[in-house]
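What follows is a single structure, written as structure tokens, with notes after it.
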Amino acid sequence: MATFFPGVSHTFSEYLLVPGYSSSECVPANVSLKTPLTRFKRGEQPEISLNIPMVSAIMQSVSGTDMGVALATQGGLAFIYGSQSAEDEAAMVKAVKDHKAGFVESDSTLTPDMTLEQVMALKEKTGHSTMPVTDDGSPRGRLLGIVTSRDYRPSRDDPQKRVADFMTPRQDLIVGDRHITLSAANDIIWEKKLNALPVVDEADHLIGIVFRKDYDSHKINPNELLDANKRYMVGAGINTRDYAERVPLLVEAGADVLCIDSSEGFSEWQKLTIEWIRERYGTEVKVGAGNIVDAEGFRFLADCGADFVKVGIGGGSICITRETKGIGRGQATALIDVCRARDEYFEETGVYVPVCSDGGIVYDYHMTLALAMGADFMMLGRYFARFDESPTSRVNVNGQYMKEYWGEGSARARNWQRYDLGGAAKLSFVEGVDSYVPYAGSLKDGVGGTLYKVKSTMCNCGALSIKELQEKARLTLVSSTSIVEGGAHDVVVKDTQQSVSYR
Ligand code: RVP
């Protein structure tokens, strides 16, 4: 006879938090969202913690270099997608690690044979008047000079005049070398009365430009997630097939943490992958595993040595695994079950293995619910796909800006390794869709707004940390009628846009 799990499996929308006592100390400004990312022993600190409980999904349409930089700037971490060649994935990891806050990559680069007319057109388009000149016109090309608005007079000069004839040539430029820090670059700018300092590598290729402003990235972004060398932290997805080739490249590129990306993680393939990493690197290389949806699956991966365990099958917004294969579990019930198992595991072994809730977060309050139910952090796909920093195109659909968002199991991504069950067959049916999500502007603004809501709700529950929320939260299941009651009802809403917009 098969095993039947008792009760119904629920999703986040079926739960609400019941507020608890909150003292006058309990204000959003006092809330810390710091949370463990990797396993640790009782009484010790995790080797890696996040400053906000958010990581981006291991997906082509979500996590590239820009997402890596933007999310680490806010205190979270991106997992660069693995459904590309190991070399390309490693290059993205390296680009995040090499990114220097305050070192701007030029979007207005010239070649020496361009005309003044073209310079003016580019200035008009980008709004930037400091324009480096490189041999190939790319922002990483060999630096030949700089043009600023002091170098020409549009009313007097011949529009056909060549850049080479009016730029400040390389030999007259003061530049910084690739090892220069932001504060040293700022010192040169002030001492030499410059407007901008180009930074070049050993071969004189442009790396970036530091502009004249009192720029202290860490003051502007106090949550930045940095490694011991003050570089942004970044993760990378791996699969259970080509790890022997992929992992060394990712480690070499500087990945801080890896994650086995699989739709179903309760398998020997995951065990073999983690064993290979442990044999080769010991516990130095951090690796998360998943996805699972019950206590047994958690214990299996925790015993395998996973640094964190990811929960969720079929709840992702673009995921149709439940429809195609009939596997999965309501995300809230799965999460509660797994977090209980994590706490029992900690009691028994003294080892805390953080739990990540992956997929199915629709409203901001779902994040607070996930944390209250025990999640240490969340993995989000749809949420991050909406921002400027996701790698997909912004398109206008019927007058509304949208970003493209497609599943790793869709025909578009063709990530067969994620759904691999061994054998020779490659993705023979799809488990995901290709879609649009409403465009939502910059990640910084979006994440700021969301986390303010999360912190406010935590205060309603009397909690100043995620751990405190997990201890104090009081949750209640709601009936379908009370879900209706939760939205605007029995009134005619004036602004219909408002009622359908993303909350
Ligand atoms: P969501 O945040 O609800 O968009 O879900 C993102 C998650 O969905 C991913 O982290 C992954 O676990 C899952 N996913 C990604 N692709 C697919 C698919 O094509 N079925 N599912």
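The values are calculated or read from the model by the stated rules, or taken from the named source; none is laboratory data. Only a predicted model underlies this, so the values are computations on that prediction, with no experimental measurement involved. Cβ atoms come from the backbone with ideal geometry, glycine included; neighbour counts cover every protein chain shown.
Give the range 25-47 a look and list any residue that's under 17 Å from Cys461 (Cβ atoms) and within 19 Å of the chain's Cα centre (by Cα), or say none.
Leu33, Thr35
Out of the range 112-130, which residues are in contact (Cβ under 8 Å) with a residue 24 or more places away in the chain and among the aliphatic types (A, V, I, L, M)?
Across the range 112-130, the qualifying residues are Met114, Leu116, Val119, Met120.
Among the candidates Gly441, Gly462, which residue alone is more than 16 Å from the ligand (Cβ to nearest atom), crowded, with 17+ Cβ neighbours inside 10 Å and assigned to a loop (DSSP other than H, G, I, E, B)?
On inspection, the qualifying residue turns out to be Gly462.
Count, please, the residues in the range 1-37 that happen to be in contact with a strand residue (DSSP E or B) (Cβ under 7 Å, 6 or more places away or on another chain) and either under 30 Å from Ala236 (Cα atoms) or not hydrophobic (A, V, I, L, M, F, W, C) (or both).
7
Pairs only if they're at least six apart or on different chains, beta carbon under 7 angstrom, first in the range 29-46 and surrounded by 12 or more Cβ atoms within 10 Å (Cβ to Cβ), second β-branched (Val, Ile, Thr) and part of a strand (DSSP E or B); list them, first residue then second.
Leu37/Val257; Thr38/Val257; Arg39/Val351; Lys41/Val351
In the range 179-206, how many are farther than 30 Å from Ser49 by Cβ, outside any helix (DSSP H, G or I) and of a type in the set (Val, Ile, Thr)?
2
Residue-by-condition table, conditions (1) of a type in the set (Asp, Glu); (2) in contact (Cβ under 8 Å) with a residue 60 or more places away in the chain; (3) part of a loop (DSSP other than H, G, I, E, B):
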| position | (1), (2), (3) |
| --- | --- |
| Ser357 | no, no, no |
| Gly360 | no, yes, yes |
| Met367 | no, yes, no |
| Leu371 | no, yes, no |
| Met378 | no, yes, no |
| Phe387 | no, yes, yes |
| Ser390 | no, yes, yes |
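Residue-by-condition table, conditions (1) at pLDDT below 95; (2) more than 33 Å from the chain's Cα centre (by Cα); (3) more than 12 Å from Leu110 (Cβ to Cβ); (4) not charged (D, E, K, R):
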| residue | (1), (2), (3), (4) |
| --- | --- |
| Ser138 | yes, no, no, yes |
| Arg142 | no, no, yes, no |
| Gly145 | no, yes, no, yes |
| Ser149 | yes, yes, yes, yes |
| Arg153 | yes, yes, yes, no |
| Ala164 | no, yes, no, yes |
| Pro169 | no, yes, yes, yes |
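In the list Glu404, Glu389, which residue meets the criterion of being within 15 Å of the ligand (Cβ to nearest atom) and acidic (Asp, Glu)?
Glu404
Might you check whether a residue that is within 26 Å of Val430 (Cβ to Cβ), at pLDDT 95 or above and charged (D, E, K, R) occurs anywhere in the range 292-304?
Within the range 292-304, one or more residues are within 26 Å of Val430 (Cβ to Cβ), at pLDDT 95 or above and charged (D, E, K, R).
From the list Gly235, Gly282, Gly290, which residue is more than 21 Å from Gln74 (Cα to Cα) and in contact (Cβ under 8 Å) with a residue 40 or more places away in the chain?
The unique qualifying residue is Gly290.
Mind listing whichever residues of the range 322-366 are within 12 Å of the ligand (Cβ to nearest atom), surrounded by fewer than 24 Cβ atoms within 10 Å (Cβ to Cβ) and hydroxyl-bearing (Ser, Thr, Tyr)?
Result: Thr324, Tyr363.
With respect to Thr11, determine if the residue is within 23 Å of Ala473 (Cα to Cα), in contact with a Leu (Cβ under 6 Å, 6 or more places away or on another chain) and among the hydroxyl-bearing types (Ser, Thr, Tyr).
For Thr11, the condition - within 23 Å of Ala473 (Cα to Cα), in contact with a Leu (Cβ under 6 Å, 6 or more places away or on another chain) and among the hydroxyl-bearing types (Ser, Thr, Tyr) - is not met.
Which one of the conditions (1) within 16 Å of the ligand (Cβ to nearest atom); (2) more than 28 Å from Asp343 (Cα to Cα); (3) among the hydrophobic types (A, V, I, L, M, F, W, C); (4) in contact with an Asp or Glu (Cβ under 7 Å, 6 or more places away or on another chain) does Ala70 fail to meet, given that it meets all the rest?
Just one mismatch for Ala70, condition (1).
With the condition kept exactly as written, say whether any residue in the range 107-127 is of a type in the set (Val, Ile, Thr) and under 15 Å from the mean Cα position of the chain (by Cα).
No.
It is to be established whether one or more residues within the range 126-149 are more than 19 Å from Ala196 (Cα to Cα) and small (Gly, Ala, Ser).
Among the residues of the range 126-149, not one is more than 19 Å from Ala196 (Cα to Cα) and small (Gly, Ala, Ser), which makes the answer no.
What about Gly409, is it closer than 24 Å to Gly265 by Cβ, outside any strand (DSSP E or B), within 13 Å of the ligand (Cβ to nearest atom) and under 18 Å from the mean Cα position of the chain (by Cα)?
no
Restricting attention to the range 55-68, report how many residues are within 8 Å of the chain's Cα centre (by Cα) and aliphatic (A, V, I, L, M).
4
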